[in-house]
Each structure stands twice: as C-alpha cells, then as structure tokens.
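The values are calculated or read from the model by the stated rules, or taken from the named source; none is laboratory data. Worth saying up front: this structure is predicted, and the values here are computed from it rather than measured. All Cβ positions, even for glycine, are placed from backbone atoms using ideal geometry, and neighbour counts span all protein chains on display. With ligands, DNA and RNA removed, areas are computed over all heavy atoms of the protein, side chains included. Shrake-Rupley method; radii C 1.70, N 1.55, O 1.52, S 1.80 Å.
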Amino acid sequence: MNIIFLGAPGAGKGTQAEKVADTYQIPTVSTGNMIREALANGTEMGLKAKSFIESGKLVPDEVVIGIIQERLAKDDCKNGFILDGFPRTIPQAEALDRMGVIIDKVVDIEVPDEAIMERMIGRRVCPKCGASYHIVTKKPATDGICDRCGAELVQRKDDAPETVSDRLNVYHEQTEPLKNYYSNAGKLAEVDGIGSVTEITERVMKALEA
C-alpha cells in the first residue's frame, strides 16, 4: 500500500507513520533524508539538488520529485511506502501525479491548533543528555531540572509560541488544501489525533483497512 501522511506540525503523524511502517513492513520515505541520501550517492537528481543547496536556494519541486522517483524505484518500495513530509503543496501533489506515482490512501491526523500549541509550547528538553519532558504531561521530578543528569531544561526555538504559530499558519495556507485535493480523488481518510498513541494507532489502522 502506498500511503501519504498529512497533519499539522505537532499532530504526531511521524509517530503514526512509524507504527504503520512496522505493521505493513514498508519504508517511511522522508524528503529530507532522501535529499541527503541522493547527495551522498551522487545521483543525477542529487547533483542537481547540490547546485541549489550550495548556492543557498530552495531545491525546486521538480528536483525533489525526481529524487522521490529515484527513491521509490528501489526494491524496498515494491510492496508499498509511506510519504511523510511530502507533498506539502498542491503543485507538489500534481507533480507527483504526473510522475505516475499511485497513492492508495492519504491519512490526515486531525488535531486542533489549540491542542498543538499546548503540546509544543509545553515541551522541554535537556541540552546535555537529550531527555524530553512536558510541563503538563511529563513533568520532571524537580521543576525545570532533568531527572537523568540534573541539567537545566530548555525550550527549543522550534517550540517557542511565535515559531509554532508561524508553522501552523504556513500549514493552513500551503498544506491544508491537500485535504480537498485528495478527498476529491476519493483517497482521504481523516483520523482524530486526540488521545493516546495506542488509541490513535487503532484509528489509523481502521482507516487504512476501510
């Protein structure tokens, strides 16, 4: 089965993609990882991407699509794959279609903005050992101090309120329209992303089996 995972930043789509990948024994294909792999392997598309990266420019859609096509042609994708983080826009989805990449199901993890803000703004990490916490759902024994190594916890820049708000705005403007795009194609399955990881995984599996 060829699957796309959609969802706002912080909706937990990466976690669910990993669960589905384990269940179906298919690879999760991440755009960032693919570009790094193509660069390392010196593929035709990797070399094209390199020229843009070295000049500080964004890699154009057609090059990213080419890298995806190279990746999906590998043997481990023969029985299916999961695209996580791509497409992000309607033009990218249209380019994917033109490449002849057939998508069977698009799973959209739905989480309200308020819940995402609460999840992400409340996260704290240890800069020393990498342990992660949350000021509401996973508090350290001593407020602001890592249980493992005693270092002072910090809030990552990505989890600052203004950064989360900006990322959500970009998602609503550029990526959310994909829901209608794939709904019109009869491929969209919306899943409630509120609850435990296990509960959400059960909903995702039911959506894929429907």
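So in segment 122-139, with the set limited to residues that are touching a helix residue (DSSP H, G or I) at 6+ places or on another chain (Cβ under 9 Å) and open to solvent by 50 Å² or more (accessible area, probe 1.4 Å), which one is nearest to Ile194 (Cα to Cα)?
So, considering only residues that are touching a helix residue (DSSP H, G or I) at 6+ places or on another chain (Cβ under 9 Å) and open to solvent by 50 Å² or more (accessible area, probe 1.4 Å), the one nearest to Ile194 (Cα to Cα) is Thr137.
Anything in segment 137-147 that is out of contact with any Asp or Glu (no Cβ under 7 Å at 6 or more places or on another chain), part of a loop (DSSP other than H, G, I, E, B) and more than 16 Å from Gly10 (Cα to Cα)? List them, or say none.
Of everything in segment 137-147, those that are out of contact with any Asp or Glu (no Cβ under 7 Å at 6 or more places or on another chain), part of a loop (DSSP other than H, G, I, E, B) and more than 16 Å from Gly10 (Cα to Cα) turn out to be Lys139, Asp143, Cys146, Asp147.
May I ask you to list the residues in segment 148-166 that are open to solvent by less than 60 Å² (accessible area, probe 1.4 Å) and in a helix (DSSP H, G or I)?
Asp159, Pro161, Thr163, Val164, Ser165
Yes/no matrix, rows are residues, columns are (1) among the polar types (S, T, N, Q); (2) surrounded by 15 or more Cβ atoms within 10 Å (Cβ to Cβ); (3) free of Cβ contacts under 8 Å to residues at least 12 places away in the same chain; (4) in a helix (DSSP H, G or I):
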position	(1), (2), (3), (4)
Val29	no, yes, no, no
Met34	no, yes, no, yes
Leu39	no, yes, no, yes
Gly46	no, yes, no, yes
Ser51	yes, no, yes, yes
Leu58	no, no, yes, no
Val63	no, yes, no, yes
Glu70	no, yes, no, yes
